[in-house]
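Everything on this sheet refers to the single structure shown next.
The values are calculated or read from the model by the stated rules, or taken from the named source; none is laboratory data. Just so you know, these numbers come straight off a predicted model, no measurement behind them. Glycine gets a Cβ as well: all are built from the backbone with ideal geometry, and neighbour counts include every protein chain shown.
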Amino acid sequence: MSIGLEHYLILSAVLFSIGLYGALAKRNIIIILMSIELMLNAVNIAMVAFSRFVTPALLTGQVFAIFVIVVAAAEAAVGLAIIIAVYRNRETIESSKIDLMKW
Amino acid sequence: MGLEIAFWILAAIIVAAAITVVVLRNVFRAALALILCFLAVAGIYITLSADFLAAVQILIYVGGISVLIILAIMLTRDVQQGSPSNRLRVPAFLIALVFFGIMTYALINTVWPVSSAPPVAPTTAAIASRLFGEGGYILPLEIAGVLLLAAILGAIVLVREK
């Protein structure tokens, strides 16, 4: 049984679901950010698989994956800076305890 | 044949490492599992004959984002306390499971227009001509550069001592 597009898409769905569970169920903000990185990687796998199997000559999916990586890098830098600023002010990185704006 | 074996091994590593990230209580070990997951994703790109993207994945994710995450873990000193689950653990698991079921059902029942053309062999030059060439993505590329600059400035402003 040769490896086709569906295999890569199901792998991407598995990875995205694990990341979704982590982002919803975890309290530590750093783990939540790591789960978001997992989801972005899952999306990249799906796009590169489409690029390989549906439009092999155009490479549009790989170009989009590069842009996703750019956005992920910017998101990680700003997100971790926010985490450090929150820790400096409130001495915690637990998402349930960061409730200054909760009325 | 070798491609299939490589795919199954890499897929097993990816899924195991991702589950480790969301299950482990030690944040630092979770970050190490995340790095392993990034490396295996780079291997998946190689099986998809996306060599440039595999190099970018290793340079940016394994080399850059992992260092940022580990630095944040060190600076927040919450490693012992770990990463406990919140009260919504079971509903979150159910939501992820239902989401996975719907996605799998949809993508198995879709007929994809799979092309049998061979992949472009070294992708770097082809991606460059797609990005910079005529009718390409030169404006999004410039906007991505501005976004990175804004992210760098924003990160510096956020973590600066008052």
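Output the residue which, of all residues in the range B:1-11 that are over 12 Å from residue A:12 (Cα atoms) and among the aliphatic types (A, V, I, L, M), is surrounded by the most Cβ atoms within 10 Å (Cβ to Cβ).
B:10
Among the residues of the range B:16-27, are any facing chain A (nearest Cβ under 8 Å) and polar (S, T, N, Q)?
No, the range B:16-27 has no match at all.
Any residue at all in the range A:48-67 that's closer than 22 Å to residue B:31 by Cβ, modelled with pLDDT under 90 and surrounded by fewer than 22 Cβ atoms within 10 Å (Cβ to Cβ)?
No, because not a single residue in the range A:48-67 is closer than 22 Å to residue B:31 by Cβ, modelled with pLDDT under 90 and surrounded by fewer than 22 Cβ atoms within 10 Å (Cβ to Cβ).
Do we have residue B:71 as surrounded by fewer than 17 Cβ atoms within 10 Å (Cβ to Cβ), farther than 30 Å from residue A:59 by Cβ and more than 9 Å from chain A (Cβ to nearest Cβ) here?
In short, no.
Could you give every pair whose Cβ atoms fall below 8 Å, whose first residue belongs to the range A:90-101 and is more than 9 Å from chain B (Cβ to nearest Cβ) and crowded, with 16+ Cβ neighbours inside 10 Å, and whose second residue is outside any loop (DSSP other than H, G, I, E, B) and modelled with pLDDT of 80 or more, counting only separations of at least 6 or pairs across chains?
A:98/A:29; A:98/A:86; A:98/A:90
Among the helices (runs of 4 or more DSSP H) confined wholly to the range B:49-115, which include 2 or more residues that are free of Cβ contacts under 8 Å to residues at least 60 places away in the same chain and among the aromatic types (Phe, Trp, Tyr)?
The helices (runs of 4 or more DSSP H) meeting that bar are B:89-108.
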